[in-house]
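Here's the structure we're looking at; comments come further down.
The values are calculated or read from the model by the stated rules, or taken from the named source; none is laboratory data. Please read these numbers as outputs of a predicted model, since none were measured by experiment. Ideal geometry is used to build each Cβ from the backbone, glycine not excepted, and the neighbour counts take in all protein chains shown.
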Amino acid sequence: MKAEIPAINNTNFYSYRPASIECVIEAARRQGVPANILLSLASLESGKNGQRVTNTNGSTDIGHFQINTINWNDGKFAGLLEISENDVALRGCYNAELAAWILKSRINESNGQDFWTKVANYHSKTKKYNDIYKAKLMPLAVRWGNWLEKRGEYTVTYR
């Protein structure tokens, strides 16, 4: 079952502000993905609120989770929902929830890949880049998992 793309509403969660650790954890909860993994993606992507990075292929990575513009088709995110790139750039918690949705979509793909390869597909499905990303991601997931478990509030995964 594919998770629904979150639509922007006027709650404080989607306000124009940077993403906090708390909102990344909440985004993970809302989309049903492990919080330690979403926090690890945030650490690896290392984007900033409002940031736009142009890639060599002409696409742009946006915001905290560096969500790539290849996700938009005819002005619609994933071809399904009208979302402005500006909202994704400037609404940090929304950027986090879209990243969680992308992560959930990658994890749910039926492609015969192992869990960590699917998670690293967030960054790239090209084996070379996926392997590099995965090698950085897995130790971060353990660190974030330990941090979360010390607080005793969150479910984590190390599959």
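Here are some notes:
- Residues of the stretch 9-31 classified as closer than 16 Å to Leu148 by Cβ, of a type in the set (Gly, Ala, Ser) and loosely packed, with under 14 Cβ neighbours inside 10 Å, total: 1
- Taken as a whole, the structure places Gly50 among residues that are farther than 22 Å from Arg30 by Cβ, surrounded by 14 or more Cβ atoms within 10 Å (Cβ to Cβ) and of a type in the set (Gly, Ala, Ser).
- Identity of the residue in the stretch 60-93, assigned to a helix (DSSP H, G or I) and without any contact (Cβ under 8 Å) to a residue 24 or more places away in the chain, that ends up farthest from Ile21 (Cα to Cα): Ile70
- Test: residue in the stretch 3-19 that is outside any loop (DSSP other than H, G, I, E, B) and under 14 Å from the mean Cα position of the chain (by Cα): no
- The C-beta contact set for the stretch 118-131 (first residue within 14 Å of Arg106 (Cα to Cα), second residue outside any helix (DSSP H, G or I) and among the hydroxyl-bearing types (Ser, Thr, Tyr), distance under 7 angstrom, 6+ apart or interchain) comprises Asn130/Ser124.
- Residue list for the stretch 5-25, filter: of a type in the set (D, E, K, R) and in contact (Cβ under 8 Å) with a residue 60 or more places away in the chain: Arg17
- Sole exception among (1) polar (S, T, N, Q); (2) over 18 Å from the mean Cα position of the chain (by Cα); (3) surrounded by 14 or more Cβ atoms within 10 Å (Cβ to Cβ); (4) part of a helix (DSSP H, G or I) for Asn146, by number: (3)
- Yes/no for Ile83 being crowded, with 20+ Cβ neighbours inside 10 Å and hydrophobic (A, V, I, L, M, F, W, C): yes
- Qualifying positions in the stretch 53-80 - touching an Asp or Glu at 6+ places or on another chain (Cβ under 8 Å) and crowded, with 22+ Cβ neighbours inside 10 Å: Ile62, His64, Phe65, Gln66, Ile67
- Output for the stretch 96-126, where each listed residue is more than 19 Å from Asn68 (Cα to Cα) and surrounded by 20 or more Cβ atoms within 10 Å (Cβ to Cβ): none
- Applying a threshold of 7 Å to beta carbon distances and a minimum spacing of six or more residues, or different chains, the list of pairs starting in the stretch 26-47 at a residue that is closer than 21 Å to Met138 by Cβ and outside any helix (DSSP H, G or I) and ending at one that is at pLDDT below 95 and aromatic (Phe, Trp, Tyr) is empty.
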